[in-house]
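Student: Dropping the structure in here first, questions after.
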Amino acid sequence: MKLTLRVWRQRNADTEGAMSTYEVDGISADMSFLEMLDTLNEELILKGDDPVAFDHDCREGICGACSLVINGDAHGPERTTTCQLHMRSFADGDTIDVEPWRAAAFPVVKDLVVDRSAFDRIIQAGGYVTAPTGAAPEAHATPVPKPDADFAFEHAECIGCGACVAACPNGAAMLFTSAKVNHLNVLPQGAPERETRVLDMVAQMDEEGFGGCTLAGECATACPKGIPLVSITGMNKEWLRAARGVAKR
């Protein structure tokens, strides 16, 4: 395959960026999108040019590090992570635009790399889960109803890639935050900090400068792990429950 790539290049957070055009040839349909970028970077390095900076780690759809807007879509045309997107999703001769996540709370560090530490601070605001020390408890010591276990596992699949923020027209982080809140709040192990967790995480989300949610639904459409839109409803219920409890004290 021969492709034309228009890639966002930006030296650092203090400089303005622009799209640069590159031609790549000999791309296999079986390559992942990141391997295609590796090929581009090998050619740039051989020419003495600065390679394109982009985030990646596991390349197995687990870590959430890869974060590219491809032809206007977070992670590209398939509902998967960028590392699991293969070039068979494109045609020979295509022109492909590659940009970083676009959100005020995710400032560009360089080229396609953005600073997603705002997510880390939201998780940090959730605090710890109270657990007794000592030997591991017996597996059945704390019964968990099957629907609650399924609900928790569904939300635990969030890998924090940020596609929900990149896809949202408001740059909101509600789907990410709701996944983290619902994952622990539904389980008995997360009950002691249930109220403080949702109040503190939502407050931190607002402080980080993410946009407001208008239930556009683009976040759930773009999520490579299928976190459902109703997750946000669940978090809103948790927040109201906690806020009313605080008001009564």
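The values are calculated or read from the model by the stated rules, or taken from the named source; none is laboratory data. None of these values were measured; they are calculated from a predicted model. Glycine also receives a Cβ, built like all others from the backbone with ideal geometry; neighbour counts cover every protein chain displayed. The protein model used for the area step is the full one, side chains on, heavy atoms only, and it has no ligands, DNA or RNA in it. Shrake-Rupley method; radii C 1.70, N 1.55, O 1.52, S 1.80 Å.
Student: Quick one: go through region 1-32 and flag any residue whose amide nitrogen is under 20 Å from the point 7 Å out along the Cα-to-Cβ line of residue 104.
Tutor: Inside the label zone: 13-17.
Student: While we're on this one: Kindly report, to the nearest 10 Å², the accessible surface of residue 130 as traced by a 1.4 Å probe over protein heavy atoms only.
Tutor: Surface open to solvent at residue 130 totals about 90 Å².
Student: Modelled label-to-label distance, residue 129 and residue 38, 7 Å Cα→beta-carbon offset: nm?
Tutor: With each label point 7 Å from Cα toward Cβ, the separation is 3.5 nm.
Student: Heads up, I need the accessible area for residue 63: 1.4 angstrom probe, whole protein in place, Å², nearest 10.
Tutor: So the heavy atoms of residue 63 present about 50 Å² to solvent.
Student: List the aspartates and glutamates whose alpha-carbon lies under 20 Å from that of residue 2, not counting same-chain residues fewer than 8 positions away?
Tutor: 23, 25, 30, 35, 38, 42, 43, 92, 94, 97, 99
Student: To continue, here is another question. Got a sec? Which residues in region 1-35 would a label at residue 50 touch, if it sits 7 Å along Cα→Cβ and we count backbone N under 20 Å?
Tutor: 5-23
Student: With all protein chains present, calculate the accessible area of residue 120 using a 1.4 Å probe and round the result to the nearest 10 Å².
Tutor: Looks like 100 Å² after rounding.
Student: Right, another one. Starting from a Cα-only point model with no solvent, please compute log10 I(q)/I(0) by Debye for region 68-121 at q = 0.17, 0.24, 0.31 1/Å.
Tutor: Those come out to -0.59, -0.98, -1.24, one per q.
Student: Residues with amide H under 5 Å of residue 73's amide H, sequence separation 5 or more or different chain, H placed in the peptide plane at 1.01 Å from N; which?
Tutor: For residue 73, whose amide H was placed from the backbone, there are no distant partners under 5 Å.
Student: Quick one: what Rg and Dmax do you get for region 97-155 from the alpha carbons, in Å?
Tutor: Expressed in Å, the Cα Rg and Dmax of region 97-155 come to 19.0, 53.
Student: Could you work out the Rg to Rh ratio of the chain, with Rh taken as the Kirkwood radius (inverse of the mean 1/r over all Cα pairs)? Present the calculation step by step, with values, prior to reporting the outcome.
Tutor: Details: Rg = 20.5 Å, Rh = 19.7 Å.
Across the chain, the Cα-based Rg/Rh ratio is 1.04.
Student: Over the Cα atoms of region 123-235, compute the convex hull volume and normalise it per residue, giving Å³. Let's see the in-between values first.
Tutor: Values: hull volume 11.9 nm³, N = 113.
Roughly 105 Å³ of hull volume per residue.
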